Amino acid sequence: MEAFLKTLSVLYVEDEDMVREEVSRFLRRRFARVDEAKNGAEGLELFEKNVYDIVITDIKMPVMDGLSMAERIRNLRDGMPIVIVTAFTDTDYFIKAIELGVDGYVKKPIDTEQLIAQTLKATYSRFQDVQLAKAKNATIKALTQIVGALSRAIEQRDPYTNGHQHRVSIFAESIGRLMGLSDEQLTSVRLSALIHDIGKLSVPVELLVMPRPLTELEYSLIKTHPVNGSDIITGIEFPWPIDETIRQHHERYDGSGYPDGLQGEEIRIEARIIAVADVVEAMSSHRPYRPSLGLDKALEEITRNRGILYDPAVVDVAVKLIREKGEKIFEEAAFTSRSSGR
């Protein structure tokens, strides 16, 4: 809790100089920042110019009293934590304080420990939010590192696809950003794309590097990788729908894809985006049995199948990016080799 207090900024309003100076000295030892005001008007002016985590105020003061200031502050920022400090016990003041919903009350002469206790009570929800945010950030960082490790494991297994998932991830995220996806969705797109081929870990590596077109039986084995990948990821509790996206990244807009024959908006937007980014990267990169077909052929593929195999909205954005950036759509990837993307 002490560490939490050191993160808080306090506005302290008190008209009695000796009290204000003494309490301010105490508060500065406990809080990150303490600003002082002599009355409600000064306090309101400071509040309008700065950002505070809590307001501690006397009630009866010249120019503007503490409750009038508190009311104005609550109009400016609903839910602002406010603790009142006063020697007065007038019932009217307490009724107004209750109506305002002040978060704490300390009677003069001030007991500093009680003041800290009331401050903690008033800011406890913020403390919980901070702790939850820290825990969430730590979890997201760990899960992101897991995805990165899995991505490297997949690509090290097959030298022909080294960098493929990373490049797809970069292009897919660019598409999603231009489409206006939320930050959460963009994270989902980026991480799903990084391991969209994780199911190929269950496919014999010989099939992945076969220097000829696959037979029907061999291709049927390759086609198991979306389901296998989803099954692998299902055991990890990601806050994003990565398992569904991996399962769906070979679904097609008209329902002709696999494994479930989903169509249109039955397919997650993340999977619809990755489907386009995947085919563009694969066609513009070398495969074991053929050289790169180039971006022009990839552009022709997604344009010809706009609204058929691929989401038209995704295609439109992908085409715009390709025409504007060319090969630079993959430029952020720190890889030198091309990929196959079978």
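Restricting attention to the stretch 259-282, the residues that are surrounded by fewer than 21 Cβ atoms within 10 Å (Cβ to Cβ) and of a type in the set (A, V, I, L, M, F, W, C) total 3.
Filter the stretch 280-320 down to the residues that are among the basic types (Lys, Arg) and assigned to a strand (DSSP E or B) and list them by number. The answer is Arg287, Arg290, Arg306.
Taking (1) in contact (Cβ under 8 Å) with a residue 12 or more places away in the chain; (2) among the hydrophobic types (A, V, I, L, M, F, W, C); (3) over 21 Å from Ile98 (Cα atoms) in turn, Met69 satisfies each apart from (3).
Within the stretch 195-212, the presence of a residue that is in contact with a strand residue (DSSP E or B) (Cβ under 6 Å, 6 or more places away or on another chain) and either surrounded by fewer than 20 Cβ atoms within 10 Å (Cβ to Cβ) or hydrophobic (A, V, I, L, M, F, W, C) (or both) is excluded. Do we have any residue at all in the stretch 287-300 that's within 32 Å of the chain's Cα centre (by Cα) and under 16 Å from Ile267 (Cβ atoms)? No, the conditions are met nowhere in the stretch 287-300.
The residue that is farthest from Thr187 (Cα to Cα), among those in the stretch 261-279 that are more than 26 Å from the chain's Cα centre (by Cα) and part of a loop (DSSP other than H, G, I, E, B), is Gly261.
The set of residues in the stretch 300-342 being within 22 Å of Ser256 (Cβ to Cβ) and modelled with pLDDT under 95 consists of Gly341, Arg342.
Every residue, every condition in (1) farther than 13 Å from Thr86 by Cα; (2) surrounded by fewer than 16 Cβ atoms within 10 Å (Cβ to Cβ); (3) more than 40 Å from the chain's Cα centre (by Cα); (4) of a type outside the set (Phe, Trp, Tyr), yes or no:
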position: Glu14; (1), (2), (3), (4): no, no, yes, yes
position: Arg29; (1), (2), (3), (4): yes, yes, no, yes
position: Asp35; (1), (2), (3), (4): yes, no, no, yes
position: Val63; (1), (2), (3), (4): yes, yes, yes, yes
position: Met69; (1), (2), (3), (4): yes, no, no, yes
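Listed by position, the helices (runs of 4 or more DSSP H) inside the stretch 107-214 whose residues that are of a type in the set (S, T, N, Q), in contact with a Leu (Cβ under 8 Å, 6 or more places away or on another chain) and not assigned by TED's automatic domain parsing to the domain that holds Ser24 number at least 1 are 112-157, 164-178. Taking the criterion of being in a helix (DSSP H, G or I) and touching a Lys or Arg at 6+ places or on another chain (Cβ under 8 Å), the residues of the stretch 238-260 that qualify are Glu244, Thr245, Gln248. One residue alone among Leu186, Leu207, Leu181 is among the aliphatic types (A, V, I, L, M) and at pLDDT below 90, and that residue is Leu207.
The values are calculated or read from the model by the stated rules, or taken from the named source; none is laboratory data. Keep in mind that this is a model prediction, so the values were computed, not measured. Neighbour counts are summed over all protein chains in view; Cβ atoms, including those assigned to glycine, are modelled from backbone coordinates with ideal geometry.
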